[in-house]
Amino acid sequence: MSNLRLLNETTATSVSTMSVTDVFTTDFDIYKITLYSSSATEKEDHIQFINSGGSFVNSSSYDYAQLFIRSYSSFSEVSDTSDTKLRLITGSEDNFGGNAIIYVFNPTNSSSYTFILSQMSRGYDLQNDNGFDMDSNKNIGILKQQSSITGFHLFNSSTATSDYTARTYGLRIDT
């Protein structure tokens, strides 16, 4: 049997970044984050982790692989083995909004790497004709550092302002 426990809800309006600190603890090994993002400007949201010292982990220690699924084109794969972030967690344009579900594994275990599984979908105006297009992706990612991670930081490369809502749940698995 498993249970989700809401640990934190953070909302920010008209910002280009948002941090959720001190949300990962030793109480859980698995966390679920639901994320909503909306912006009038085209943007992609990325994520970095925050360590127990309160610093953003922005070294080239992130690996990820994504299957990018588009309504307007063929599928593609994107990957990197030494990025400073986990790319394209969600995004938005023309206030269509985007949503993501992110699972984080072992963030506070300093003897293990921190892993993620995520999926997102977003809508936007591809042709600037007030039309609606969709894309989505499925991600796997890893922070190749054995450190205690206590939070996460959302940002976008374009510094566009966004409205964010992030809910973080602890997933308890009872035997």
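Worth pointing out:
- For segment 1-18, the condition of being within 22 Å of Thr165 (Cβ to Cβ), in contact (Cβ under 8 Å) with a residue 40 or more places away in the chain and not in a strand (DSSP E or B) holds for at least one residue.
- Scanning segment 134-175 for residues that are more than 16 Å from the chain's Cα centre (by Cα), under 25 Å from Ser60 (Cβ atoms) and among the charged types (D, E, K, R) turns up just one, Lys144.
- Those residues of segment 59-118 which are in contact (Cβ under 8 Å) with a residue 60 or more places away in the chain, surrounded by fewer than 16 Cβ atoms within 10 Å (Cβ to Cβ), in a strand (DSSP E or B) and over 13 Å from the mean Cα position of the chain (by Cα), in sequence order: Ala65, Leu67, Arg70
- The set of residues from segment 131-158 being under 15 Å from Asp83 (Cβ atoms) and among the hydroxyl-bearing types (Ser, Thr, Tyr) comprises just one member, Ser157.
- With respect to being surrounded by fewer than 17 Cβ atoms within 10 Å (Cβ to Cβ) and modelled with pLDDT of 95 or more, Thr25 fits the description.
- Entry remark, segment 152-175: residues being in a strand (DSSP E or B) and either surrounded by fewer than 16 Cβ atoms within 10 Å (Cβ to Cβ) or without any contact (Cβ under 8 Å) to a residue 60 or more places away in the chain (or both) number 2 in total.
- Test: residue in segment 61-76 that is modelled with pLDDT under 95, at negative phi and out of contact with any strand residue (DSSP E or B) (no Cβ under 9 Å at 6 or more places or on another chain): yes
The values are calculated or read from the model by the stated rules, or taken from the named source; none is laboratory data. These numbers come from a predicted model, not from an experiment. So basically every Cβ, Gly included, is an ideal-geometry build from the backbone, and we count neighbours across all protein chains shown.
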